[in-house]
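The values are calculated or read from the model by the stated rules, or taken from the named source; none is laboratory data. If you're wondering where the values come from, they're calculated on a predicted model, not measured in any experiment. Every residue, glycine as well, gets a Cβ built from its backbone with ideal geometry; the counts of neighbours run over all protein chains shown. SASA here: full protein model, heavy atoms, side chains in, ligands and nucleic acids out. Shrake-Rupley method; radii C 1.70, N 1.55, O 1.52, S 1.80 Å.
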Amino acid sequence: MLSILELYFYRSKQEKFSKGKKEDISWYLIHTIVSPFINSSLVFLIGKYISFGLSLHGVGLDLISYGITISVLSLVIFQDFVSYWSHRFMHRVDSLWGIHKVHHTTTELNVLSSFRHSIFENIVNVTIVGSLSGLIIVSDSVRGAVGIFFSLLCLFQHGNISIVFPRWFREVFITPRNHFWHHSKETYFKGGQNFGFLLCIWDKVFGTYYFPDHINTELGVDDESDIPKEFYKKLLYPILKE
């Protein structure tokens, strides 16, 4: 559905089979095989067993008895908060930026761009998010549904979509245009801007929110000298470098 929106409501005209898109197709094919196990499954399993261990010791926030609505909203908000800081640290800590850098080599954003991640970034992200989300004790079905929601949200954020959302929506939720500025070569705050996944409040509260009324900027990273040209090396970056 997002790909159809990109065809008719695109933010910028892109070649159908540009060099970047061809590479992103490779990332997509790899991660549709690997990611379901490394991302969704590990976040689910790590969170599940940490929650189980905490519940045995009376630690953690047990929301199971409060029903599905409270469980879903609480886990979504908390996981979004954790994801914001995980993402921000990826840009602020040199060793973590080395893992995340490949994702920012894309010079045009579209749905497939969301798959441009090294295997090591996936492992680090799911370990952090999965471990901390385990502090919120919910049912397996709720944890699984929230995991799927964030996976779909990532696709939406990277979409080449020009739909103008109502002002109140843009003030509360992250939109593709908001995330577009996250991928800008220009950094307006230390480490970058717009690290949020779902809610704008974290960027606003912690001083990393940037949303101008234009999209005149270049995407990518300034220095790609250490990024390998071969796809398999990018997949294993930063262990394998140029």
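Details
- Residue within region 21-34 that is in a helix (DSSP H, G or I), modelled with pLDDT under 65 and either at negative phi or buried (at least 17 other Cβ atoms within 10 Å of the Cβ) (or both) present: yes
- Criterion: in contact with a helix residue (DSSP H, G or I) (Cβ under 7 Å, 6 or more places away or on another chain) and at pLDDT below 90 - qualifying residue of 197, 156: 156
- Residues in region 215-224 that are more than 11 Å from residue 180 (Cα to Cα) and open to solvent by 30 Å² or more (accessible area, probe 1.4 Å): 222, 223, 224.
- Residues within region 114-137 that are within 17 Å of residue 97 (Cα to Cα), of a type in the set (S, T, N, Q) and buried (at least 20 other Cβ atoms within 10 Å of the Cβ), tallied: 3
- Residue in region 41-55 that is open to solvent by less than 70 Å² (accessible area, probe 1.4 Å), at pLDDT below 90, aliphatic (A, V, I, L, M) and within 23 Å of residue 158 (Cβ to Cβ) present: yes
- Residues that are open to solvent by less than 10 Å² (accessible area, probe 1.4 Å) and modelled with pLDDT of 90 or more were ranked within region 159-181; the one that is farthest from residue 110 (Cα to Cα) is 174.
- Residue that is farthest from residue 162 (Cα to Cα), among those in region 192-231 that are of a type in the set (Val, Ile, Thr) and in a loop (DSSP other than H, G, I, E, B): 227
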